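*Asks:* Could you have a look at this structure, given as C-alpha cells, before my questions?
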Amino acid sequence: MKRPLKDTVLAHFGRQTLSNDQFARLEALLDRRDSTDATQRRGASRAIGWMAGIAATVVIAIGALILVQGVDGTPMSERIAMEVARNQIKLKPLDITTSSFSEVRAYFKDLDFVPTRSSLLANADFELIGGRYCSIQSVPAAQLRVKLPTSEGTQTLYQTEYRKDVFGPLPVIEDGDVPVTINAKGMRISVWVEKGLLFSLTEENWEESVIAPK
C-alpha cells in the first residue's frame, strides 16, 4: 500500500540529523554573523557619537559668537552702553535717597554681590544721591546716582556681578586693561570689570573724564 506523498516527505526529513562536524560548522557560521552584527552596531554607535560631537561644537561656537556680538552683530560693550544710555535718558525714581555709601550697601541686600567703590573713581569728587534696583542685560544690578559739584546734572554708576557667560570678555582693571568707552545717544559711557563686578558710568563732561588714567 502506497503512503501518501506528504507522509513520505515528512518521514524522510524527520530522520535527517546533523553530524558533530556539521553542527560545529553551523555554530561557527552563526557566531561570525553575530560578530559582524555587533561590529556594525559598534560602528554605527561611534558614527552617531562623532556626529553628535560635531553638532555640539557647532552649537557652542554659534553661542559664543552670539554672546560676544549679539544676534544683530552688535558687540556686548555697545549693547550695555545703549541700555545704560536709555536708562539715563528716562531716569526712574530712586528706591533709596542717601549720601552714605554704607547705607547703599545695606539697602541692596537682595543682590548676589556687595556694591563697592571703584579705584578708577577714587579721585572723582562725586556726591552720592541714592540708588535703585535695575538690571543690565537682564542681570540684577544696582544703579547709583551721583553728582559732581560743578554740574547740575546727575550721572549713573551701574554695578552688577560680572558673569562671563552672559557678558563675554570685557576689559578687566586688575589685568591692566582700560575701560572701553562708547558714545551712545549723546553721552559717553564707560564699561569695565573690577573686583569681579561689571561697572558702567555715564559721563557728561566730554572735555575731561572723571575716570582716573592708568
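*Asks:* Give just the number: which of (1) farther than 16 Å from Ile211 by Cα; (2) β-branched (Val, Ile, Thr); (3) exposed (fewer than 14 other Cβ atoms within 10 Å of the Cβ) does Thr98 not satisfy?
*Replies:* In the conditions (1) farther than 16 Å from Ile211 by Cα; (2) β-branched (Val, Ile, Thr); (3) exposed (fewer than 14 other Cβ atoms within 10 Å of the Cβ), Thr98 misses (3) alone.
*Asks:* Continuing with the same structure: Mind checking which residues of segment 116-139 are open to solvent by less than 30 Å² (accessible area, probe 1.4 Å) and among the charged types (D, E, K, R)?
*Replies:* none
*Asks:* Taking the conditions exactly as written (among the aromatic types (Phe, Trp, Tyr), closer than 19 Å to Phe167 by Cβ and either open to solvent by less than 70 Å² (accessible area, probe 1.4 Å) or within 23 Å of the chain's Cα centre (by Cα) (or both)), does Phe113 satisfy them or not?
*Replies:* Working: among the aromatic types (Phe, Trp, Tyr): yes; closer than 19 Å to Phe167 by Cβ: yes; either open to solvent by less than 70 Å² (accessible area, probe 1.4 Å) or within 23 Å of the chain's Cα centre (by Cα) (or both): yes.
Answer is yes for this residue.
*Asks:* Can you find a residue that is in contact (Cβ under 8 Å) with a residue 12 or more places away in the chain, among the hydrophobic types (A, V, I, L, M, F, W, C) and part of a helix (DSSP H, G or I) anywhere in segment 125-143?
*Replies:* No: segment 125-143 contains no residue that is in contact (Cβ under 8 Å) with a residue 12 or more places away in the chain, among the hydrophobic types (A, V, I, L, M, F, W, C) and part of a helix (DSSP H, G or I).
*Asks:* Out of the residues in segment 120-137 that are at pLDDT 95 or above and of a type in the set (Gly, Ala, Ser), state the one that is nearest to the chain's Cα centre (by Cα).
*Replies:* Going through the qualifying residues, I end up with Ser135.
*Asks:* Looking only at segment 183-195, count every residue that is touching a residue at least 60 places away in the same chain (Cβ under 8 Å) and more than 16 Å from Ile89 (Cα to Cα) and tell me the total.
*Replies:* Qualifying residue count, segment 183-195: 4.
*Asks:* In the list Asp177, Asp165, which residue meets the criterion of being within 21 Å of Leu111 (Cβ to Cβ) and either free of Cβ contacts under 8 Å to residues at least 40 places away in the same chain or open to solvent by 40 Å² or more (accessible area, probe 1.4 Å) (or both)? Spell out how you get there, then give the answer.
*Replies:* Details: Asp177 fails: within 21 Å of Leu111 (Cβ to Cβ).
The unique qualifying residue is Asp165.
The values are calculated or read from the model by the stated rules, or taken from the named source; none is laboratory data. Remember, it's a predicted structure, so these values are computed and weren't measured experimentally. All Cβ positions, glycine included, derive from the backbone under ideal geometry; neighbour counts span all protein chains shown. Surface areas here come from the heavy atoms of the whole protein model, side chains and all, with no ligands, DNA or RNA. Shrake-Rupley method; radii C 1.70, N 1.55, O 1.52, S 1.80 Å.
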